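Asker: Quick one: this structure, given as structure tokens, is what I'll be asking you about.
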Amino acid sequence: MEFDTDIAIIGGGLNGTTLALALAKAGQHVTLIDAQLQTTKSEPGFDGRSYAMALTSTRMLDGLGLWDALSPDAQPMLEIKVTDGRAGDGPSPMFMHFDHAEIEEGPMGFMLQDRHLRRVLLDAVAANDGVTLCDGETVTVQTVDAAGVTLTLASGKTLRARMAVGADGRGTGTGQRAGIKRTEWAYRQTALVCAIEHELPHHGVAHQFFMPPGPLAILPLTGNRSSIVWSESAENAARIQALPDAEYLDVLRPRFGSFLGEVSLAGARYTYPLGLSLAHTMVAPRVALVGDAAHGVHPIAGQGLNAGMRDIAALAEVIADAARRGEDVGSDAVLARYQEWRRFDNAALALATDSFNRLFSNDNPLVRMARDVGMAAVNALPGLRRGFMREAAGLTGDLPRLMQGKQL
């Protein structure tokens with residue numbers, strides 16, 4: 001039976017484009033179906049959206065030949081400081097402090113702006129003969145049979161592939177058409193996201209300040225700038241987002257503090273409703289899910305995109321190994337290996353972020369005392385502290401080859 005492509009990827013965001021490049025590197029011909037036109041995604045202006053990329057995620061980007069283009073705009077995260085408190089009261093004296101000098105591998109990760117990462121990925125896709133971009137298209141029908149999957153696009157075009165991968169986010173149409181059910185709930189929290197410029201240098205230090213309504217993350221960008229991810233109740237967030245810039249900053253300053261001097265907004269302001277979304281299975285006949293299509297978690301630990309990158313590295317490795325053995329890359333047996341590798345880790349991450357959010361977004365005095373004592377205990381035990389740092393850097397667990405700095 002003839003195929004138009006080996007693997008169809010539905011969703012052309014960061015996960016979809018990275019997976020397309022990884023699979024092309026493994027010798028697969030890939031068609032990337034993206035609802036957006038590429039021209040609308042290549043706007044170069046600074047808008048403040050940024051990502052905390054774990055060390056192992058940057059290793060994978062390097063293995064895909066992308067890091068040389070990204071590294072000049074990447075800000076190393078050299079330290080992480082985790083504190084608890086209330087807006088205007090300052091942090092608790094009990095805290096956790098992680099310094100990259102305590103692990104051998106280097107910085108725990110890097111901050112990358114969306115505009116740089118997206119541009120490099122899009123350029124790499126355009127230059128790769130193994131990837132066919134089908135932009136401005138959506139899938140309307142998805143039919144699976146014993147040999148492959150047939151996709152009907154909104155334009156009327158049909159595409160025949162050995163398998164399809166859903167990289168189309170939490171509301172994944174790919175997963176819905178495959179009959180994959182999800183567990184979902186909202187946190188009644190909203191993340192306010194922006195970038196700020198500040199008077200004093202951040203020295204590569206990331207801060208996580210836990211407050212009763214939700215955490216505030218201050219993440220270092222290049223220059224005297226930082227990315228802000230600030231969780232509030234949905235009602236407060238709507239009110240704050242509606243304020244003019246000057247009043248928005250007046251609300252932020254007591255939470256932010258004065259340790260970086262005067263602050264001003266740099267780029268646009270965004271809000272994202274927060275919740276948990278977990279697919280009951282990451283695979284179905286001839287279909288696999290990656291990233292938010294498989295698991296959407298609270299940004300409390302900054303691991304959402306990194307978990308998606310692990311999915312990508314694992315799926316690419318499973319498919320590369322299957323192809324070398326002459327197996328049908330979209331078969332149930334091959335996809336089961338991917339699910340076995342990633343499902344437990346993703347469920348554990350969802351449970352951990354959900355538990356942390358419930359523990360730290362809580363103003364009960366006894367709970368606050370317990371978590372402060374717990375943070376102080378972790379900080380006082382070098383072995384436990386290094387374990388947390390290695391987890392943050394993505395260095396624990398069964399790492400795919402790309403995340404070990406090896407080739408597929």
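Asker: Toward the positive end of the charge dipole of segment 203-335, about the Cα centre and with charges on Cβ (Lys, Arg +1; Asp, Glu -1), which of L243, G257, P213 goes farthest?
Answerer: Farthest towards the positive pole: G257.
Asker: Okay, moving on. What number comes out for accessible area per residue over segment 223-344 if the probe is 1.4 Å? Units Å², please.
Answerer: I get 38 Å² per residue for this part.
Asker: Label points 7 Å out from Cα along the Cβ direction at A377 and Q38: separation in nm?
Answerer: A separation of 5.4 nm, rounded to one decimal place.
Asker: Taking the Cα atoms only, what angle lies between the long axis of helix 304-324 and the longest principal axis of the chain, rounded to 10 degrees?
Answerer: Between the helix axis and the principal axis of the chain, the angle is about 30 degrees.
Asker: Something else now. Connecting C-alpha atoms closer than 10 Å in a GNM of the chain, tell me which of V30, V287, V373 has the biggest fluctuation.
Answerer: Evaluated over the chain, the most mobile residue of the options is V373.
Asker: How far apart, in nm, are the 7 Å Cα→Cβ label points at L200 and T183?
Answerer: 4.4
Asker: Under the definition of Cα pairs under 8 Å and six or more residues apart, what whole-number percent is the relative contact order of segment 302-408?
Answerer: Computed over segment 302-408, the figure is 35 percent.
Asker: Here's another thing I want to ask about it. In whole angstrom, how long is each semi-axis of the equivalent ellipsoid of segment 160-210, when you take the square root of 5 times every eigenvalue of its Cα gyration tensor and sort them from largest down?
Answerer: Each semi-axis is √(5λ); the values are 39, 18, 10 Å.
Asker: To continue, here is another question. Quick one: helix 14-25 against the long Cα principal axis of the chain, what's the angle to the nearest 10°, folded into 0 to 90?
Answerer: 50
Asker: State the label only: which of [x] 21.4, 68; [y] 22.8, 97; [z] 22.3, 71 corresponds to Rg and Dmax of the Cα atoms in Å computed from the shown model?
Answerer: For Rg and Dmax of the Cα atoms in Å, the calculated option is [x].
Asker: A follow-up question, please. Quantify, in whole percent, the carbon and sulfur part of the accessible surface of segment 135-226 (1.4 Å probe; protein heavy atoms only).
Answerer: 52
Asker: Pop out the carbon and sulfur fraction of the accessible area of segment 252-408 as a percent, whole number, probe 1.4 Å.
Answerer: Of all accessible area on segment 252-408, carbon and sulfur atoms account for 61 percent.
Asker: Could you work out [θ]222 nm for the chain from helices alone, using -39500 (n - 2.57) per DSSP H run of at least four and dividing by all its residues? Round to the nearest 500 deg cm²/dmol.
Answerer: Calculated from helices alone, the mean residue ellipticity at 222 nm is -11000 deg cm²/dmol.
Asker: Moving on to the next point. Just for the Cα atoms in segment 85-219, what are the lengths along the principal axes, largest first, rounded to whole Å?
Answerer: Principal-axis extents of segment 85-219 (Cα, largest first): 61, 38, 31 Å.
Asker: Determine which aspartates and glutamates satisfy two conditions relative to K181: a Cα distance under 20 Å, and not lying fewer than 8 residues away in the same chain.
Answerer: Result set, ordered by chain and number: D168, D292, D311, D332, E340, D345, D354.
Asker: While we're looking at this one, here's another question. In nm, to one decimal, how far is the modelled label at S355 from the one at T140, with both set 7 Å along Cα→Cβ?
Answerer: It works out to 4.7 nm between the two label points.
Asker: Mind checking the angle between helix 382-392 and the chain's longest principal axis? C-alpha axes, 0 to 90 degrees, to the nearest 10.
Answerer: 50
The values are calculated or read from the model by the stated rules, or taken from the named source; none is laboratory data. Only a predicted model underlies this, so the values are computations on that prediction, with no experimental measurement involved. Backbone-built Cβ (ideal geometry, glycine too); neighbour counts: all protein chains shown. Each accessible area value is taken on the protein alone, full model and side chains, heavy atoms only, with ligands, DNA and RNA left out. Shrake-Rupley method; radii C 1.70, N 1.55, O 1.52, S 1.80 Å.
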